[in-house]
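Enquirer: I'd like to ask you about the structure that follows.
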Amino acid sequence: MQTTIDPGADAAQAPTSPLSSGVRRLAGAALWVLAFILMFSAASYQRLTGPTYELSGSFQIEGQSHSYELIRSEETVRQARVAIPDPGAGVSAILEFRRFPTEDPFATAPMVSEPGEEGMELAAYLPIQPSAGKIEYFLRIVGPSEEVRIPALGTGADGTRGGEDTIILRYKDPVPLPVLLSHVLLMFFSILIGMRVALGALVLPGGTGRLAWIAMIGMTVGGMVLGPIVQNYAFGAYWTGFPFGYDLTDNKTLVMWVAWAIGCLVLWRRRSERDPVVRVTLIGATLVMVAVYLIPHSFRGSELDYDALESGVPAEEAIGTGEQS
């Protein structure tokens, strides 16, 4: 009996050479490093641009420069402490504030010198508001020969409303730390995996199918399950995005999840991570994710309607969607 030999059979069954395996491992490691850098960049951008993180800057008075970080988010269990470095004798400061968004007259509070984390500080406290309630404020620092305003008029600094140069602070109810950490870590884990999927789809598609499903699961649990739980703890509502409202954080999470759901559906139907359609779809899902993370966190988030509150509507029912944070 004559045996037919397939000249390509041995080549197909032959193990990959050590050199080839080594190169692939090195390339894979490089893609993980690059994915981590991209994830870290996205996380840093969120922190630097988010309207609820501290507003950093510096002021100069009587020939001395001082750096500050001013609070823009606080929990409803305590008053928000507004503090700046104490410039020393002869310099005082006043905190001016009102509820946001209202036409209330600004109230004033003298800032008192007291110990802080890095030395003496001038500090004053904002009154506690219900969950999603906001206060806008600014500082006047008065020295023997000059006065400084924070934020300075006309600067258009982050956290200002309509060019009026006030800092906006939002109150929220406490969120259990394990719930919050699980949500945050899963979301950043999903970004890391998603970035790696896109990079692999571009140059090294092997294994990207499994990673795509891991990213999808991370976004589902972190964004679509834990995200609403965090929001309910903080503002008393599980979901205020489409189709029930206009909360941008909810809506952008939904858009990102749908993009990855489509990518995984295409992967499941075509059954090959090397398929050009699958690769393009997964890259597209990652680009949607990047676009979502270019939108500052908490922008157009929950906001208490003070008019509704004063008309007798319960605080938990008077929460809508704001224009700032």
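The values are calculated or read from the model by the stated rules, or taken from the named source; none is laboratory data. Values in this document were obtained by computation on a predicted structure and should not be read as measured data. Quick reminder, even Gly has a Cβ in these numbers, built from the backbone with ideal geometry, and neighbours come from all protein chains shown. These area figures cover heavy atoms from the full protein model, side chains too; ligands, DNA and RNA do not enter into them. Shrake-Rupley method; radii C 1.70, N 1.55, O 1.52, S 1.80 Å.
Enquirer: Report the residue count in the range 89-132 for those that are under 30 Å from Pro314 (Cα atoms) and open to solvent by 50 Å² or more (accessible area, probe 1.4 Å).
Expert: 8
Enquirer: Within the range 68-82, restricting attention to residues that are among the aliphatic types (A, V, I, L, M) and surrounded by 17 or more Cβ atoms within 10 Å (Cβ to Cβ), which residue is farthest from the chain's Cα centre (by Cα)? Before you say what the answer is, go through the steps one by one.
Expert: Of all residues in the range 68-82, those among the aliphatic types (A, V, I, L, M) come to 70-71, 77, 80, 82.
Keeping just the survivors that are surrounded by 17 or more Cβ atoms within 10 Å (Cβ to Cβ) gives 70-71, 80, 82.
On the way: Leu70: 18, Ile71: 16, Ala80: 21, Val82: 22 Å.
Ranking the qualifying residues of the range 68-82, first place goes to Val82.
Enquirer: Of all the residues that make up the range 264-280, how many are closer than 14 Å to Arg210 by Cβ and open to solvent by 60 Å² or more (accessible area, probe 1.4 Å)?
Expert: Just the residues of the range 264-280 that are closer than 14 Å to Arg210 by Cβ, to begin with: 264, 267-268, 271-274, 278.
So of that shortlist, the ones also open to solvent by 60 Å² or more (accessible area, probe 1.4 Å) come out as 268, 271, 274.
Selection size over the range 264-280: 3.
Enquirer: Residues in the range 61-79 that are touching a strand residue (DSSP E or B) at 6+ places or on another chain (Cβ under 7 Å) and closer than 18 Å to Met120 by Cα: how many?
Expert: So the count comes out to 8.
Enquirer: Which ones in the range 175-191 are closer than 20 Å to Arg210 by Cβ and among the hydroxyl-bearing types (Ser, Thr, Tyr)?
Expert: Selection gives Ser190 alone.
Enquirer: Tell me, which residue of the range 88-123 that is among the β-branched types (Val, Ile, Thr) and outside any strand (DSSP E or B) is nearest to the chain's Cα centre (by Cα)?
Expert: Looking at the filtered set, the residue picked out is Thr102.
Enquirer: Next question, about the same structure. Restricting attention to the range 200-220, which residues are farther than 23 Å from Ala30 by Cα and open to solvent by 20 Å² or more (accessible area, probe 1.4 Å)?
Expert: Matches in the range 200-220: Ile217, Thr220.
Enquirer: Let me ask something else about it. Could you list, ordered by first residue, the pairs with Cβ atoms under 8 Å in which the first is in the range 221-237 and open to solvent by less than 20 Å² (accessible area, probe 1.4 Å) and the second is among the basic types (Lys, Arg), at least 6 apart or interchain?
Expert: So the pair list comes out as Ala234/Lys172.
Enquirer: Could you tell me whether any residue of the range 238-251 is farther than 23 Å from Pro174 by Cβ and among the charged types (D, E, K, R)?
Expert: Within the range 238-251, not a single residue is farther than 23 Å from Pro174 by Cβ and among the charged types (D, E, K, R).
Enquirer: Any residue at all in the range 296-317 that's open to solvent by less than 20 Å² (accessible area, probe 1.4 Å), acidic (Asp, Glu) and on the phi < 0 side of the Ramachandran plot?
Expert: Taking every residue of the range 296-317 in turn, none turns out to be open to solvent by less than 20 Å² (accessible area, probe 1.4 Å), acidic (Asp, Glu) and on the phi < 0 side of the Ramachandran plot.
Enquirer: Give Ser56, Ser44 a once-over and let me know the one that is in contact with a Ser or Thr (Cβ under 9 Å, 6 or more places away or on another chain) and small (Gly, Ala, Ser).
Expert: Being in contact with a Ser or Thr (Cβ under 9 Å, 6 or more places away or on another chain) and small (Gly, Ala, Ser) holds for just one of Ser56, Ser44, which is Ser56.
Enquirer: Also: Please determine, by comparing only the residues of the range 41-67 that are surrounded by 15 or more Cβ atoms within 10 Å (Cβ to Cβ) and either modelled with pLDDT of 95 or more or of a type in the set (Gly, Ala, Ser) (or both), which one is farthest from the chain's Cα centre (by Cα).
Expert: Gly57
Enquirer: Among residues belonging to the range 30-86 that are among the polar types (S, T, N, Q), outside any helix (DSSP H, G or I) and touching a residue at least 12 places away in the same chain (Cβ under 8 Å), point out the one that is farthest from Val197 (Cα to Cα).
Expert: If we take residues in the range 30-86 being among the polar types (S, T, N, Q), outside any helix (DSSP H, G or I) and touching a residue at least 12 places away in the same chain (Cβ under 8 Å), then Gln64 is farthest from Val197 (Cα to Cα).
Enquirer: Return the total of residues in the range 133-148 being modelled with pLDDT under 95 and open to solvent by 50 Å² or more (accessible area, probe 1.4 Å).
Expert: 4
Enquirer: Another question, then. Which one of Phe244, Phe299 is touching a Ser or Thr at 6+ places or on another chain (Cβ under 7 Å) and either part of a loop (DSSP other than H, G, I, E, B) or modelled with pLDDT under 85 (or both)?
Expert: On the way: Phe244 fails: touching a Ser or Thr at 6+ places or on another chain (Cβ under 7 Å).
Only one candidate passes the filter, namely Phe299.
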